[in-house]
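In what follows, a structure is listed as structure tokens, so that the remarks can point back to it.
The values are calculated or read from the model by the stated rules, or taken from the named source; none is laboratory data. Treat the numbers as computed from the prediction; the structure is a model and nothing was measured. For neighbour counting, all protein chains shown are included, and Cβ atoms are generated from backbone atoms with ideal geometry for every residue, glycine included.
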Amino acid sequence: MSKSSSSKTSRTDWPRLKAMKDKDIKLTDEHPEADVKHIVRGILRQGLKPVPSKSSISLRVDADVLEWFKAQGPGYQTRINAVLRAFKDASFDLPTSVRGKRRRAA
């Protein structure tokens, strides 16, 4: 297995690519035309904050809540994460006295 390059310099021939016309691009079964969802995934993150790493956890969620997220289609775990992140981000606007309160077990 080769070690990945640590070079920040691209070896892509950008002038050649920019000069290419659509008719010059060879599409095959192995290399079909790009779909929009693939293009979105391929957007360069240069200058953006790195995506935080994920942690695998076990979480108990009410069955109806989980079924609702799953019914929205593929990516339900990503949506749950987005809702939790939005709640976390919104809770920074709350005063510390409210944010830090915990309920006591009965």
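What's the number of the condition R16 fails, among (1) loosely packed, with under 10 Cβ neighbours inside 10 Å; (2) modelled with pLDDT under 85? Tallying (1) loosely packed, with under 10 Cβ neighbours inside 10 Å; (2) modelled with pLDDT under 85, R16 fails exactly one: (2). Filtered by the rule that a residue be surrounded by 10 or more Cβ atoms within 10 Å (Cβ to Cβ) and not in a helix (DSSP H, G or I), the range 28-38 gives a lone residue, A34. Listed conditions (1) modelled with pLDDT of 70 or more; (2) over 30 Å from K8 (Cα atoms) are all met by E30, apart from (2).
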